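Everything below concerns the one structure shown next.
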Amino acid sequence: MIKGFFESFNYPKYIVIPLAILKVFGVGMILWRKSTWLTEWAYAGFFFDLVLATAAHYFAGHGVVGFSLYGLLLIFSSYFLGKQIRD
């Protein structure tokens with residue numbers, strides 16, 4: 001089902017598994033927060049993933065408003081509130 005969803009956006013199906021693995025590692029890095037460098041890269045990875053997902057939905061004709069746009073709002077709030085708490 002997921003491979004078919006990715007193919008509907010003209011993404012190759014071999015990208016599904018590595019993307020899922022990297023997302024799990026990204027969540028782990030954000031929750032672990034021992035390395036600020038890796039935490040920043042995890043946030044950057046989620047940001048770029050969500051921006052590209054929003055663009056893919058737009059170009060597929062689904063419109064801009066969707067879970068990817070809400071995910072962008074959540075990642076921004078998580079990053080800036082977490083940064084404010086850490087500082």
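The values are calculated or read from the model by the stated rules, or taken from the named source; none is laboratory data. These figures come from a predicted structure and were not determined experimentally. Here the Cβ is made from the backbone with ideal geometry for all residues, glycine too, and neighbour counts use every protein chain on show. To get the accessible areas, we keep the full protein, side chains included, count just its heavy atoms, and leave off ligands, DNA and RNA. Shrake-Rupley method; radii C 1.70, N 1.55, O 1.52, S 1.80 Å.
With everything on Cα atoms, drop me the angle between helix 67-86 and the longest principal axis of the chain, reported from 0 to 90° to the nearest 10.
Helix 67-86 sits roughly 10 degrees off the main axis of the chain.
So for the chain, taking the charge dipole from beta-carbon charges (+1 Lys/Arg, -1 Asp/Glu), which of L19, F80, T36 sits furthest toward the positive end?
After comparing all options, I get T36.
On a straight-distance basis, which aspartates and glutamates could pair with K83 in a cross-link, Cα separation under 13 angstrom, same-chain partners fewer than 8 positions away excluded?
Counting by Cα, and skipping residues close in sequence, K83 has these aspartates and glutamates nearby: E40.
Round to a whole number: what % of the accessible area of region 1-85 belongs to carbon and sulfur, probe 1.4 Å?
That share works out to 76 percent.
Quick check for me: using +1 on Lys/Arg Cβ and -1 on Asp/Glu Cβ, what's the dipole size of the chain about its Cα centre, in debye to the nearest 20?
That gives a dipole near 220 debye.
If I fit a long axis through the Cα atoms of helix 16-32 and take the longest principal axis of the Cα atoms of the chain, what angle between them do I get, 0 to 90°, rounded to 10?
Between the helix axis and the principal axis of the chain, the angle is about 20 degrees.
As an exercise, find the ratio Rg/Rh for the chain from alpha-carbon atoms, using the Kirkwood inverse-distance average for Rh.
1.02
Can you run phi through the Karplus equation (6.51, -1.76, 1.60; θ = phi - 60°) for region 35-47 and list ³J(HN,Hα) in whole Hz, with x for Gly and Pro?
Running phi through 6.51 cos²θ - 1.76 cosθ + 1.60 with θ = phi - 60° gives 10, 5, 5, 5, 5, 4, 5, 5, 4, 5, x, 5, 4 Hz.
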